[in-house]
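Single-structure report; data block below.
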There are 2 protein chains.
Amino acid sequence: MKAVMGRPAAAGAQETRDALVRGAIDALKEQGFAGASAREIARRAGCNQSLVFYHFGSVTNLLLAALDEVSAARHAHYQAAVERATGLGELVDAAEAVFEEDLDAGHIAVLAEMIAGASATPGLAPEVAARIAPWRQFAADALGGVLSDTPLSGVIEPDVAAHAVVALYLGLEMLAHLDGDRTAALALFARARELAVLVEALSGPPEGEPGGREKP
Amino acid sequence: MKAVMGRPAAAGAQETRDALVRGAIDALKEQGFAGASAREIARRAGCNQSLVFYHFGSVTNLLLAALDEVSAARHAHYQAAVERATGLGELVDAAEAVFEEDLDAGHIAVLAEMIAGASATPGLAPEVAARIAPWRQFAADALGGVLSDTPLSGVIEPDVAAHAVVALYLGLEMLAHLDGDRTAALALFARARELAVLVEALSGPPEGEPGGREKP
DNA sequence: GTCTATACTTGGATAGAC
DNA sequence: GTCTATCCAAGTATAGAC
């Protein structure tokens, strides 16, 4: 009843891999790229340092696996949050909620530290860049779907704005993490919401959903 | 004819300090926080590794000195560029010009790497944060002076927007540096300029400068 | 002030026992 | 698959000669 599937027989291998990835995420979040050593990650994972190399070949590969994990989890989560948003204001709401979650979980910190650390390790930059491209694409899709109904559609290109959103997201995370204070970022989301509803008002109420919402 | 002033007698001391600071800036830019070691910096400065500790006490102190140097140079330069801008559109122009200069000189990279690296070294975060506060303040002043004449003055608070500007600046630098391509950032500045002149048009032409500019 | 030499520490990576 | 033991490279920092 064992080793019947394609999965290798040994017990706990996947658990160890997961623990190492989790440890890498936490290490990047709390100690940065420079502090995310094989020894530190293994300590957090509760296993031996050599397992980093057994399972991932190198520390760099493990860090990239951590970035993959975060990217996949985020993509699914963003998708769900954004699909619920019907207008620009709701999109800002979704962005704020997701921003706080990411901040707590250290997801954006992983991204930021990997970008900053890419300068140190030859060949790492393109790998990181390839894993960021989907984020930009996703932001572009979300913005494109919402901006089309507003007067901004003529002056704002979704992919240009998406680049700004990703950059802003990154910068806000770094500043918030630096001084352990996210109130400045939250104030910004609040203002963005005001601007969003202002723009929505300019575009005029669409034919659907005139006010009260009734189920047919 | 020597050692008459308050300056210590020895020759070339200040030159060495400057070379080390310059080496630290370049190392942070090209190899990141993790690659900015005493040995690497000294190699770039063309001197011995031990001089880092003689002049600055520790690598961390040298990196902070590099951040100080960049901050001071930037502040003076921004001031001059912003004072020339009379409207929102010209402010965007100034921001773009300064952004490219900073990108080339590695100034923002120093900032970004120090923020990212602050997680690795205990006690570094508040030091870095203290050196960023003036940037935010400066952006707030520049925005406050320009926004007051536009319809945005009611919905945008200068210090909130300043935080966003600093964060965006940081994020754009990181992304541009990551894939060695600043076209996405430049496209963003182009769109921002369009939006700026659009807002300026909404606020109506002010009494001064109706069109042609004549010297009285 | 600058250099060489060196002590000490940490980290990446591999070999081999279990 | 996991551990211990170990090698080697690189980094911080200090001491002492010049």
Next item on the list: Please give the number of the condition residue A:126 fails out of (1) closer than 24 Å to residue A:183 by Cβ; (2) in contact with an Asp or Glu (Cβ under 8 Å, 6 or more places away or on another chain).
Entry: (1)
Notebook entry, point to check: Which one of these is without any contact (Cβ under 8 Å) to a residue 24 or more places away in the chain and of a type outside the set (D, E, K, R): B:116, B:161?
Noted result: B:161
Next item on the list: Return the total of residues in the stretch B:131-144 being more than 14 Å from the chain's Cα centre (by Cα) and at the interface with chain A (Cβ under 10 Å from one of its Cβ atoms).
Entry: 0
Notebook entry, point to check: Can you find even one residue in the stretch B:62-80 that is without any contact (Cβ under 8 Å) to a residue 12 or more places away in the chain and within 16 Å of DNA strand C (Cβ to nearest atom)?
Noted result: no
Check: Within the stretch A:175-195, can you find the residues that are among the aromatic types (Phe, Trp, Tyr) and part of a loop (DSSP other than H, G, I, E, B)?
Finding: none
Next item on the list: Could you check, for the stretch A:154-176, whether at least one of its residues is loosely packed, with under 15 Cβ neighbours inside 10 Å, out of contact with any Ser or Thr (no Cβ under 9 Å at 6 or more places or on another chain) and modelled with pLDDT under 90?
Entry: yes
Next item on the list: Kindly list the number of the only condition in (1) within 16 Å of DNA strand D (Cβ to nearest atom); (2) modelled with pLDDT under 95 that fails for residue A:100.
Entry: (1)
Item checked: Test: residue B:46 is surrounded by fewer than 20 Cβ atoms within 10 Å (Cβ to Cβ), within 11 Å of DNA strand D (Cβ to nearest atom) and at pLDDT 95 or above -> no
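Results for (1) farther than 21 Å from residue A:171 by Cα; (2) surrounded by fewer than 18 Cβ atoms within 10 Å (Cβ to Cβ), shown as yes or no for each residue.
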{"position": "B:76", "(1), (2)": "yes, yes"}
{"position": "B:83", "(1), (2)": "yes, yes"}
{"position": "B:117", "(1), (2)": "no, no"}
{"position": "B:129", "(1), (2)": "no, yes"}
Notebook entry, point to check: What are the residues in the stretch A:145-174 that are within 26 Å of residue A:100 (Cβ to Cβ) and more than 10 Å from chain B (Cβ to nearest Cβ), if any?
Noted result: A:145, A:146, A:147, A:150, A:158
Next item on the list: Filter the stretch A:10-56 down to residues that are more than 23 Å from the chain's Cα centre (by Cα), of a type in the set (Val, Ile, Thr) and more than 11 Å from DNA strand C (Cβ to nearest atom), then give me how many there are.
Entry: 1
Check: Within the set of pairs 6+ apart or on separate chains, which have a first residue in the stretch B:170-194 that is in contact (Cβ under 8 Å) with a residue 12 or more places away in the chain, a second that is crowded, with 21+ Cβ neighbours inside 10 Å and part of a loop (DSSP other than H, G, I, E, B), and C-beta atoms under 8 Å apart?
Finding: B:177/A:119
Note to self: Looking at the stretch B:22-47, I want the residues that are more than 17 Å from residue B:73 (Cβ to Cβ) and have a partner that is away from DNA strand C (no atom under 14 Å from the Cβ) and among the polar types (S, T, N, Q) with Cβ atoms under 6 Å, at least 6 apart or on another chain. Which pairs are those?
What the structure shows: B:31/A:119; B:32/A:119
Margin query: Exactly one of these conditions fails for residue A:92: (1) within 14 Å of chain B (Cβ to nearest Cβ); (2) β-branched (Val, Ile, Thr); (3) within 12 Å of DNA strand C (Cβ to nearest atom). Give me its number.
Written below: (3)
Item checked: Complete set of residues in the stretch A:99-130 that are on the phi > 0 side of the Ramachandran plot and at the interface with chain B (Cβ under 10 Å from one of its Cβ atoms) -> none
Next item on the list: Could you pull out the residue among A:52, A:59 that is more than 13 Å from DNA strand D (Cβ to nearest atom) and modelled with pLDDT of 95 or more?
Entry: A:59
Item checked: Residue tally, condition of a type in the set (A, V, I, L, M, F, W, C), over 18 Å from residue A:199 (Cα atoms) and part of a loop (DSSP other than H, G, I, E, B), over the stretch B:143-162 -> 0
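The values are calculated or read from the model by the stated rules, or taken from the named source; none is laboratory data. In this text the structure is predicted, and so the values were computed from the model without any measurement. FYI the Cβ positions are ideal-geometry reconstructions off the backbone, even for glycines, and counts take in every protein chain you see.
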